[in-house]
Protein chains: 2
Amino acid sequence: MQSVAAALRAVLGHVPVLAAERVAIARAAGRVLATDAIAGRPLPGFDNSAMDGYAVRASELPGTFPIASTVAAGDPGTTPVPPGTCARILTGAPLPPGVDTVVMQENATRDGDRIALPQKGRGDNVRLAGEDMAVGAVAVRAGTRLTGWHLGALAALGFAEVPVHRAPRVAILGTGDELVDVTTTPGPGQLVDSSAYALAALVEEAGGIPVRLGVARDDLSSLRPLLAQALEHDVVITTGGVSVGDRDHVHAAFADAGIELALYKVAMKPGKPFSFAMRGATPVFGLPGNPVSTVVAYELFLRPALLAMQGATHVERSRAHVTLVGGYEKQAGRAHYLRATVTRDGDRLRATPHPKQGSAMLSSLIGTNALVELAAELTTVSAADTVPALLLEAV
Amino acid sequence: MQSVAAALRAVLGHVPVLAAERVAIARAAGRVLATDAIAGRPLPGFDNSAMDGYAVRASELPGTFPIASTVAAGDPGTTPVPPGTCARILTGAPLPPGVDTVVMQENATRDGDRIALPQKGRGDNVRLAGEDMAVGAVAVRAGTRLTGWHLGALAALGFAEVPVHRAPRVAILGTGDELVDVTTTPGPGQLVDSSAYALAALVEEAGGIPVRLGVARDDLSSLRPLLAQALEHDVVITTGGVSVGDRDHVHAAFADAGIELALYKVAMKPGKPFSFAMRGATPVFGLPGNPVSTVVAYELFLRPALLAMQGATHVERSRAHVTLVGGYEKQAGRAHYLRATVTRDGDRLRATPHPKQGSAMLSSLIGTNALVELAAELTTVSAADTVPALLLEAV
């Protein structure tokens, strides 16, 4: 049985990076930049005024000047300002030829039809072309997952399209005779395939395109065609059927479809019966059937894999140090991932584990914003100890 | 000039909560639950086995038993197990009538066609109906922004649809003679309306539906029709034209359209010329024109407003305590929001401010994962001081 770290290394060592494509900047949020975005024009594009005021030659200050012209944002600003005069200038307007300095209007005094301006340093209140970004500068590094903040800078540089890695199309396939879709009322012994909906939303959050294929029965004749359909996608996720039960046919179906098992079972709780396999360049993830095991295994292995396939530099959740309210006792051997609510207490983060930690306890999916990671060898954690937690949101 | 806190209170005091609607669970990620989701069925739905093993009466243990039947996940499990016998049972299978306990198969010994089972406590390895969630329990509270984790629990409870608040349709309108779209190469004195793309992505992240209306020229005849079109949405955002320059027509256009200014100018840097107004029930946000001011004002006022309009309980970014690398000097009077990269250093968070803090410096949009908040009255922050920072992502 491998450790979580070794299993993650194995997964990340196998998954391919998807090809790049160009997408319009309006569709690029959440995508991962495929090549460094290099500034092809300077920012700002031209010397301009940071203030509303008067553009003059610093060498002529202090002094009283006639207003030769007015230049506003959007004007070309190509008319020179003669020596001994100034230009009325508005914020963002280009600095006209001849002048080098802007005096804020709050520092100017009107004197008839002339303007008295005090001493100022050369270049005051002028934003120079390229002082924000010079041509050739790396604006955004390849591997960055783009947010609105990045897109603002990229738009300013004229990137109408950006090169990003393709979003992985992720087939989600439930297995189990007991599973019904959410639109069906479960009969005796049946339950809803809830993981399909959980995983679809999580895949979307990670930049993937989820495709729910429904539920395969626990026999090869049902699994085989759905697995073949799943293998037409970039990634396959199955849930259930990877334990040791008599009716667990998923690994048999994997072998039948030419899917090669790369790892099976990880020293973690919940999520031990996790398996990872490849069919050619297509990663196949066999997630456990218990809904909590499913999402925990998703967080630890699948989310990093999906981000890695998109070429992201950072693929793992941030780990913060937390104290664990009430402490915890466990057996050595497997790492435990406690569903917990982390809150901030001054400088410290405090994790309150959900009272129901069973892998079938869906109530622990609610209110969880972190997974507290108790290392395999740990047995006793006191309330004073600090342990790592994977943060699922900013806290 | 109002404080940031007072301005946010004013904004949140004005914005309406949008009506609820029902959406399919597959479309509900990122939406805000409109009413408490109450469990209408127990979870699990029936007593079932947590293990692969043998279902027996605890009162008959230890003993050797013939196998009366086999029950797997998905079987109805309605055939009683006669006294003196056991049932082979698989994980997730319903506990048949008559038996009350499951012995793990690892603890069982085959003895011819009988199974020898050791002593066990009554109810061992049995998940009882309703022990995860009882009928009538609040599964997810109104005001929760739904993630895949919540959707898993809701699907398990049979919520094929969930009631969520309507996603605000947000009109984004740039103003300024200098602005061109990203698809146009800027001429002399022109620049790209980058904020439209930044804001659209940020609005989407906050659960809104952005509608980019393009750029209005700096005159009433251009602004009036676009503003009228913008007012057909749930929220209006304008950028630019709210400063004191000679060509700032946005507030005149607001008055012309019956938009009532609720606040103008906030004691912050960047972002001072922020304005907030209402036209009937429609909030109108006048964001400053400098791209960095725009996104900072968005983060402080618009994102909370959009979440509040969706009925979210938590609308503000988490504030963490950070130390500020290099310290900082500022004038008293306005709160400063430094764009910074926060990294974890053991238990502490350390913020490195971007070297270019000017409000026109788009390069500071890159690498920023937090806004360090320096209170209005502060003048000197040493590198040893702890100051709050709004976290834009988990760190």
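Run down B:VAL266, B:VAL296 and say which single residue is among the β-branched types (Val, Ile, Thr), open to solvent by less than 10 Å² (accessible area, probe 1.4 Å) and within 24 Å of the chain's Cα centre (by Cα). Spell out how you get there, then give the answer.
Numbers: B:VAL266 fails: within 24 Å of the chain's Cα centre (by Cα).
After applying the criteria, what remains is B:VAL296.
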ask   = Can B:THR35 be described as of a type outside the set (Gly, Ala, Ser) and assigned to a loop (DSSP other than H, G, I, E, B)?
value = yes
inquiry  = Checking the structure you have, find out if any residue of region A:84-91 is under 26 Å from B:PRO288 (Cβ atoms), open to solvent by less than 30 Å² (accessible area, probe 1.4 Å), in the same structural domain as A:PRO62 (by TED's automatic domain parsing) and small (Gly, Ala, Ser).
reply    = yes
task = Give the residue that is farthest from the other protein chains (Cβ to nearest Cβ), with candidates limited to residues of region B:257-308 that are touching a residue at least 60 places away in the same chain (Cβ under 8 Å) and β-branched (Val, Ile, Thr).
result = B:VAL266
task = Kindly establish whether B:GLY136 is assigned to a loop (DSSP other than H, G, I, E, B) and surrounded by fewer than 18 Cβ atoms within 10 Å (Cβ to Cβ).
result = yes
request  = Please specify each residue of region A:177-187 satisfying the condition of being open to solvent by 30 Å² or more (accessible area, probe 1.4 Å) and touching a residue at least 12 places away in the same chain (Cβ under 8 Å).
outcome  = A:ASP177, A:GLU178, A:ASP181
inquiry  = Of the residues A:THR313, A:THR323, A:THR294, only one is among the β-branched types (Val, Ile, Thr) and in contact with a Leu (Cβ under 6 Å, 6 or more places away or on another chain); which?
reply    = A:THR294
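Of everything in region A:295-315, what is among the β-branched types (Val, Ile, Thr) and more than 24 Å from A:LEU362 (Cβ to Cβ)? Give them in sequence order. So that I can check it myself, show each step before the final result.
Going residue by residue through region A:295-315, those that are among the β-branched types (Val, Ile, Thr) are A:295-296, A:313, A:315.
Of everything in region A:295-315, those that are among the β-branched types (Val, Ile, Thr) and more than 24 Å from A:LEU362 (Cβ to Cβ) turn out to be A:THR313, A:VAL315.
Look at region A:40-82 and say how many of its residues are within 14 Å of chain B (Cβ to nearest Cβ), aliphatic (A, V, I, L, M) and either closer than 21 Å to A:LEU117 by Cα or in a loop (DSSP other than H, G, I, E, B) (or both). Talk me through it step by step, then tell me what you get.
Step one: list which residues in region A:40-82 are within 14 Å of chain B (Cβ to nearest Cβ), which gives A:40-55, A:67, A:69-80.
Going one step further and asking which of them are aliphatic (A, V, I, L, M), we end up with A:43, A:50-51, A:55, A:67, A:71-73.
Right, trim to either closer than 21 Å to A:LEU117 by Cα or in a loop (DSSP other than H, G, I, E, B) (or both) and you get A:50-51, A:55, A:67, A:71-73.
Matching residues across region A:40-82 total 7.
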inquiry  = Looking at A:GLU106 and the list (1) surrounded by fewer than 13 Cβ atoms within 10 Å (Cβ to Cβ); (2) more than 14 Å from chain B (Cβ to nearest Cβ), which single condition is not satisfied?
reply    = (2)
ask   = Given (1) within 10 Å of chain A (Cβ to nearest Cβ); (2) among the hydrophobic types (A, V, I, L, M, F, W, C); (3) within 36 Å of the chain's Cα centre (by Cα), where does B:VAL15 come up short, assuming only one miss?
value = (1)
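For the subset of region B:227-241 comprising residues that are closer than 29 Å to A:ALA93 by Cβ and crowded, with 24+ Cβ neighbours inside 10 Å, which member is farthest from the chain's Cα centre (by Cα)? I'd like the intermediate steps shown before the answer.
Of region B:227-241, the ones closer than 29 Å to A:ALA93 by Cβ are B:227-230, B:236-241.
If we keep only those that are crowded, with 24+ Cβ neighbours inside 10 Å as well, we get B:227, B:230, B:236-241.
Details: B:LEU227: 29, B:ALA230: 25, B:VAL236: 21, B:ILE237: 21, B:THR238: 24, B:THR239: 24, B:GLY240: 28, B:GLY241: 31 Å.
Among those residues, the one meeting the criterion is B:GLY241.
Which of the residues that make up region B:332-351 are part of a strand (DSSP E or B) and among the acidic types (Asp, Glu)?
Quick first cut of region B:332-351, residues part of a strand (DSSP E or B) only: B:335-345, B:348-351.
Scanning region B:332-351 gives a single hit, B:ASP345.
Return the only residue of A:ASP193, A:ASP219 being at pLDDT below 95 and out of contact with any Lys or Arg (no Cβ under 6 Å at 6 or more places or on another chain). Even if it seems obvious, please write down each step before you answer.
Working: A:ASP193 fails: at pLDDT below 95.
None of the others qualify; the one that does is A:ASP219.
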inquiry  = One residue is enough: does region A:208-226 have a residue meeting the conditions in a loop (DSSP other than H, G, I, E, B), surrounded by fewer than 24 Cβ atoms within 10 Å (Cβ to Cβ), among the small types (Gly, Ala, Ser) and without any contact (Cβ under 8 Å) to a residue 60 or more places away in the chain?
reply    = no
message = Going residue by residue through region B:18-31, is there one that turns out to be surrounded by fewer than 19 Cβ atoms within 10 Å (Cβ to Cβ), away from every other protein chain (no Cβ under 14 Å) and of a type in the set (A, V, I, L, M, F, W, C)?
response = yes
message = For region A:352-395, give me each residue that is facing another protein chain (nearest Cβ under 9 Å), in a strand (DSSP E or B) and open to solvent by 40 Å² or more (accessible area, probe 1.4 Å).
response = A:THR386
message = If I ask for residues that are outside any strand (DSSP E or B) and within 7 Å of another protein chain (Cβ to nearest Cβ), which ones from region B:188-198 would you list?
response = B:PRO188, B:GLY189, B:GLN190, B:SER194, B:SER195, B:TYR197, B:ALA198
inquiry  = I'd like the residue in region A:1-12 that is part of a helix (DSSP H, G or I) and surrounded by 15 or more Cβ atoms within 10 Å (Cβ to Cβ) and, out of all such residues, is farthest from the other protein chains (Cβ to nearest Cβ).
reply    = A:ALA10
remark   = When (1) in contact with a strand residue (DSSP E or B) (Cβ under 6 Å, 6 or more places away or on another chain); (2) facing another protein chain (nearest Cβ under 7 Å) are applied to A:THR183, the one that fails is (1)
task = Look through region B:147-176, keep the residues that are under 30 Å from B:THR239 (Cβ atoms) and surrounded by fewer than 22 Cβ atoms within 10 Å (Cβ to Cβ), and return whichever of them is farthest from the other protein chains (Cβ to nearest Cβ).
result = B:ARG166
task = Could you check how many residues of region A:317-349 are within 13 Å of another protein chain (Cβ to nearest Cβ), open to solvent by 50 Å² or more (accessible area, probe 1.4 Å) and in contact (Cβ under 8 Å) with a residue 40 or more places away in the chain?
result = 4
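The values are calculated or read from the model by the stated rules, or taken from the named source; none is laboratory data. What you see is a predicted model, and the numbers here were worked out from it, not measured in a lab. Don't worry about glycine lacking a Cβ; one is built from the backbone with ideal geometry, like all the others, and counts go over all protein chains shown. Protein only, heavy atoms only, side chains kept; ligands, DNA and RNA dropped before computing areas. Shrake-Rupley method; radii C 1.70, N 1.55, O 1.52, S 1.80 Å.
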